Amino acid sequence: MGFRPNISTIDNIFMVWQIFEKCHEYNMELRSIFIDYVQAFYSVNRNRIIECLTEYEVPNKLIKLTGLTIQNVTAKVKIGNYYSNELKIVTGVKLGDPLYATLFSILIDNVIKQLEIKGNISTCLVQCSAYADYILVIARTTHALTDTCHKLIETSSQVGLTINEHKTKYLRCTKKQCRMDGIDSTNSHFEKVKSFKYLGSYVNGNSSIEEEIKERISMGNKAYYANKDLFRSRLLTKYSKLRMYQTLVRAVVTYACETWVLKENIKMKLRVFERKILRRIFWPCQKEGRHTAGQNE
């Protein structure tokens, strides 16, 4: 689950990459569905949140205090000097409220527990991973995957969540060549893709990191050219430009680098990119046939 102390997106990305890599290593086929909800934070049923707090045996005093903030809430829309009729708000968590992340996590946890998934990927046909409203369902067989998705759709609808059919994607991890057919679950059809951007990192069916590195370098170039005038300015010192590079460019390129398995050719691509940016920061010039660094210290 997301929104927990000392738990970031990197942990979930690393877990997904490890599952894909090990199954690819031992020639085990995996079928995954990346679930996306329609406006998840705005559509959850507030009464269902209170019920979940009761099921989790939260003290009654805290439940009542929470209920005062999310139940029987009304609002008016002001247009000029006029106010609309009262609107009763019965769905959604209050974004910006310190409690909204905790309440949403409890609700999603309750939804996933109803799937009754136990064991690990080697002993169980189905596994489920969640970070905030990003849900990933992994299964060994197509039948198990469709059954789990059917249960997830039903349990999600009970709390007011609706799966976005257009943004939900199906990914198959296998060494074999297969057709790009989607997968059906109840009245929904999910498109099959070769790769998917999960929590900001690209995962694919052949467990290759090449696409992720290519995308990271591309985003690093965009970050550099967005601030190109500052990097080329002679009013800024080299130290300031180097700090900008480390903060604005390198941080983008190395996102989720803890999950990478680097080969020599990948290391070379990253070194080439970094040297290219550093050359533009230090703008070497040629004097008397020799290359020297610029003079703005």
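Where a ≥ b ≥ c are the square roots of the eigenvalues of the C-alpha gyration tensor, would you call the chain rounded, which needs a/c under 1.5, or, failing that, prolate if a/b is larger than b/c, or oblate?
Oblate is the answer for the chain, as a/c is 1.5 or above yet b/c matches or exceeds a/b.
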Leaving out ligands and nucleic acids, and using a 1.4 Å probe, what accessible area per residue does the chain come to in Å²? 59
Once the Cα gyration tensor of the range 1-135 is diagonalised, what are the square roots of 5 times its eigenvalues, in whole Å and ordered largest first, as equivalent ellipsoid semi-axes? 37, 18, 13
Check: the chain dipole with +1 on Lys, Arg Cβ and -1 on Asp, Glu Cβ, in debye: 1620
Tell me, what ³J(HN,Hα) does each residue in the range 76-92 have, in order and in whole Hz, if you take phi through Karplus 6.51 cos²θ - 1.76 cosθ + 1.60 with θ = phi - 60° and put x for Gly and Pro? 10, 9, 9, 10, x, 9, 10, 10, 7, 5, 5, 10, 8, 9, 10, 10, x
How high is the relative contact order of the chain, in percent, counting Cα pairs under 8 Å that sit 6 or more residues apart? 21
So what J values fall out for the range 227-233 if you push phi through Karplus, 6.51 cos²θ - 1.76 cosθ + 1.60 with θ = phi - 60°, rounded to Hz, Gly and Pro as x? 10, 4, 4, 5, 5, 8, 5
Students often get this wrong, so check it: of Lys167/Lys267; Lys197/Lys238; Lys64/Lys118; Lys22/Lys267; Lys94/Lys151; Lys94/Lys192, which have C-alpha atoms separated by over 25 Å? Lys167/Lys267; Lys197/Lys238; Lys64/Lys118; Lys94/Lys151; Lys94/Lys192
Portion, in percent, of the accessible area of the chain that falls on carbon or sulfur, probe 1.4 Å: 53
What list of ³J(HN,Hα) couplings, whole Hz, do you get for the range 249-257 from phi and the Karplus terms 6.51, -1.76, 1.60, once you set θ to phi - 60° and write x for glycine and proline? 10, 5, 4, 6, 5, 9, 4, 6, 5
So what is the relative contact order of the range 146-245, in percent, for Cα pairs below 8 Å that sit 6 or more residues apart? 19
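The values are calculated or read from the model by the stated rules, or taken from the named source; none is laboratory data. These numbers were taken from a predicted model, which means no experiment stands behind them. Glycine gets a Cβ as well: all are built from the backbone with ideal geometry, and neighbour counts include every protein chain shown. Heavy atoms of the whole protein, side chains included, go into the accessibility calculation; ligands, DNA and RNA do not. Shrake-Rupley method; radii C 1.70, N 1.55, O 1.52, S 1.80 Å.
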